[in-house]
Ligand SMILES: Cc1cc2nc3c(=O)[nH]c(=O)nc-3n(C[C@H](O)[C@H](O)[C@H](O)COP(=O)(O)OP(=O)(O)OC[C@H]3O[C@@H](n4cnc5c(N)ncnc54)[C@H](O)[C@@H]3O)c2cc1C
C-alpha cells in the first residue's frame, strides 16, 4: 500500500535514527537489562516521541499509520527501544488524549511528547490475564470524589522506570466486567511500589514490573474513565482502545522480522557451502518464499487495520485481531527460519538474530495472546461477520 511523501520521509528518518542510534546499542542493553537511555535521547531529539500526540500538547498529531511506520523501523533494530515508542504512541497517552480530562492531559501529554515521561500499563494480574474481567484491583470510596486503590499488577512493561501507571480497576459496587474503569497513578504516590521485575527470555531492556497498590489515594483528577457498577460500557471502551496497542505490537513484529529476514538474505548470499552460496539452494529459497509470503500478508493486514482507523479513530477490532495474529505468527516463522539459515552462527549471541527471536516471542503475549485474537476472529466469523471477501454479506447486519 502506498505511502504519501510525508510518511515516506518519516520512515526514512526512523530508519536512519534506528540504524545510527538504536541498533549499535541494542546488544549492550540486552546484556545489561538497562533501559536504552541514549537511544531514547536520540529518538527524543529527532522528535520521534511526538508522533501521535496532538499538536496542542507538543505532538505531531499523526495517527496509527505513522505510528506503525516508526515502530516497524525502530523494531527492525531493537524491540526493547521500540516498546518505549509504543507506550508513547499507543499506550496510556493515547487513552489520556481521547478519554481523559484536562488535568490528566496537561499533567502527562507534553512530557510524553518530549520523551521525558513513560507511562506504564497495569492491566494484567496474577489471576487475571486473558480473562481480564477477573481482576481484583478495586477502588474503595473515601469521601466525595475520593477513593482508595488496592491491587497488584504483575506485568507492567517498564513500570520500574515509569513516571506513572495506567491502572484498570473496578469501581465500588461493580462485579465482573461491570464497573471496570481506569485511573492514572503517579509512581511516586504513597502506597505505590515496584515489588519486582520479570526476567524474560527477551526484551531485556524493557522488562515488565510487578506493582503493588496499597491503599493509594485517588482523586477525580486521576480518573481516565470512570467505571459504572451497573454497566460494562467503560470496560468495552477500554478494550476497544487496546486496538491501538495491538496494531503497534503487529508493527514491531513485522519490523523485527523484516530485519531478521534481511540479515538472512545477506548471509545466504555470502555463505558458501559445497562451492555455492546457500542462497542458490532451492531448500533455502523455499524458506525465503514462506517468510516473504507470511511477512507481506501480515503487512497488508496491518496496513488495512491502521488505515481503517482514520484520523483520530480507533482501528476496528476484527481487522486488528487478524493483523496481530498474522504478524505474531509471521514473526515467529521468519525469525526462526532466519536463525536456521545462519546455521550455528544464528544461535550465537555475536549475531543479532537470536535477540530478535527472543524479543518477538514476548510480543506474542502482550496486548492479548494469539489464542485470544483467534477466539475473537473465529467467533466473529461463526456469527456471520463478513471479512473483506467481495460478495460475502455481513450476516450480523439485518
Ligand atoms: C513481554 C510481555 C509484556 C507484557 N506487557 C504487559 C503490560 O505492559 N501491561 C499488562 O497489563 N500486561 C502485560 N503483559 C501481560 C499479557 O497481556 C498477558 O501475559 C496475556 O494477556 C496473557 O495472560 P496470562 O499470561 O495470564 O496467560 P493466561 O490468560 O493464563 O493464558 C495461558 C495460556 O492459555 C491461553 N488461553 C487463555 N484463555 C484461552 C481461551 N479462552 N481459549 C484458548 N486459549 C486460551 C492463552 O492464550 C495462553 O497461551 C505482558 C506480557 C508479556 C509476556
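Values quoted throughout were computed directly from the atomic coordinates according to the rules given, and no laboratory measurement underlies them. Remember, it's a predicted structure, so these values are computed and weren't measured experimentally. No Cβ is skipped: glycine too gets one built from the backbone with ideal geometry, and neighbour counts run over all protein chains shown.
Quotient of the Cα radius of gyration of segment 119-231 and 2.2 N^0.38 Å, N being its number of residues: 1.02. Judged by the mean number of other Cβ atoms found within 10 Å, the most tightly packed of the peptides 107-113, 9-15 leads the ranking 107-113, 9-15. When the alpha-carbon atoms of the chain are used, the pair Rg, Dmax equals 21.3, 80 angstrom. Peptide packing: for 237-245, 82-90, the average count of neighbouring Cβ atoms within 10 Å per residue gives the ranking 82-90, 237-245, highest mean first. When shorter helices are ignored and each DSSP H run of at least 4 residues is given -39500 (n - 2.57), the per-residue value for the chain at 222 nm works out to -16000 deg cm²/dmol. The label point for residue 215 and the one for residue 20, both projected 7 Å from the Cα toward the Cβ, are 5.3 nm apart. Legend: calculated FRET efficiency, residue 141 to residue 270, from the Cβ-Cβ distance at R0 = 56 Å, rounded to 0.05, equals 0.25. Spatial offset of segment 252-274 relative to segment 133-150 amounts to 50 Å, using the alpha carbon center of each. Compared with the rule-of-thumb size 2.2 N^0.38 Å for a compact globular protein, segment 209-293 has a Cα radius of gyration ratio of 2.06. Taking the fewest neighbouring Cβ atoms within 10 Å as the starting point, the ordered list for 161, 51, 381 is 381, 161, 51. Simple spin-label estimate for residue 55 and residue 13 gives 1.4 nm between the two label positions (7 Å along the Cα-to-Cβ direction from each Cα). Only Cα pairs under 8 Å and 6+ residues apart enter the sum, and on that basis the relative contact order of the chain stands at 15 percent. For the pair segment 87-104 / segment 278-309, the C-alpha centres are spaced 33 Å from each other.
What's the Cα-based Rg to Rh of segment 278-344, Rh via Kirkwood?
Using Cα coordinates only, the ratio equals 1.15.
Ellipsoid semi-axes for segment 234-382, based on the Cα gyration tensor and the rule √(5λ), read 34, 14, 12 Å when sorted largest first.
Taking label positions 7 Å along the Cα-Cβ direction at both residue 102 and residue 199, the computed distance is 5.0 nm, reported to one decimal. Estimated at 0.36 nm per residue, the fully extended path between residue 374 and residue 289 surpasses their Cα-Cα distance by 28.1 nm. Placing one equal scatterer on every Cα of segment 5-113 and applying the Debye formula, the log10 ratio I(q)/I(0) at q = 0.23, 0.24 Å⁻¹ is -1.20, -1.27.
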